[in-house]
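Notes for the one structure printed next.
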Amino acid sequence: MTESSHLAMGTEETARLMRLATYASISVASVLIVAKLVAWGMSDSISLLATLIDSVLDALASLINLVAVRHALTPADKEHRFGHGKAEALAGLSQSMFIAGSAGFLLLEAGRRIINPTPVEAPGIGILVMVFSIFATMLLLGVQNHVIRKTNSTAIKADAMHYRVDLLVNGSVILALWLSARGWSEFDALFAFAIAVYILYSAWGIIRLSYDQLMDRELPDEQREAIKQRVLQHQKVRGLHDLRSRHSGVMTFIQLHLELDDDLSLLEAHKISDEVEMSLLKVFPGSEIIIHIDPQSVVGDESMKDFN
């Protein structure tokens, strides 16, 4: 089987896994919305309303992810030679706006309930629904974590980030309902307030992740160091400089200048470059790698190494 066939299979598998994660997210969010809506109607709990709103936003964010993932997986074309991976980062920014808006609403509603506490009715049904929510969310996170390990998708990372927040949110709602059942109804609003603050914090994390991709931030230092070590492992490589890297959707882009002996033929230099590229692909599979070859004797301009 040819190398291009292997890459095609990898792309198809990536697309399948990412679609699986988005469909699973939408399905879980839809089920939880119905369950939490019934429980909130029976209990009138503000903390339960908080997690209901969060699930509605999860569903909307997952729908955005579905569209973004489909667009991000579209092959590169004449107008987009580097592909459409940044659609995932745009989806992440959209999610963060939804999340921040919901947090603002919760802060206002929680403030109103703190001033005018309202007893929680039928807390038992609310606790039961929250236990079910935790179980369903853990199953979904298992699927998402598997997909993230295989694809390194920004959109799925953003989705998983606020589902991890949901685990803490659901646990805190159980505690709030339990305290309210024992006569401390003010804790319901206090927990809702704390949930809103935590939701804002999670939104900031998504914003930073998306912003880094849109602004072509370099890969983390440990990954850049891994690239350098991998390149220098080749016995005929004399050095490298002008290493540039970025992440876009599920794609990683790596560019570098390879320093080789002056007396190598063009064919020999090309062969070494191909071997270095194959070595890097073992560590960063599916990456787009561009290598420029330089004779060692002419690599004297220090300005070329400023960002090494």
Tally of residues being closer than 17 Å to Ala61 by Cβ and among the hydrophobic types (A, V, I, L, M, F, W, C) across segment 201-236: 5
Going through (1) of a type in the set (Asp, Glu); (2) crowded, with 18+ Cβ neighbours inside 10 Å; (3) modelled with pLDDT under 70 one by one, Asp58 fails only at (3)
Considering segment 193-211 alone, what residues qualify as being under 20 Å from Leu49 (Cβ atoms) and in contact (Cβ under 8 Å) with a residue 40 or more places away in the chain? Phe193, Ile195, Ala196, Val197, Ile199, Leu200, Ser202, Ala203
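The values are calculated or read from the model by the stated rules, or taken from the named source; none is laboratory data. Keep in mind the model is a prediction, meaning the values are calculated, not measured. When we count neighbours, we look across all protein chains shown, and the Cβ atoms used for this are built from the backbone with ideal geometry, even at glycine.
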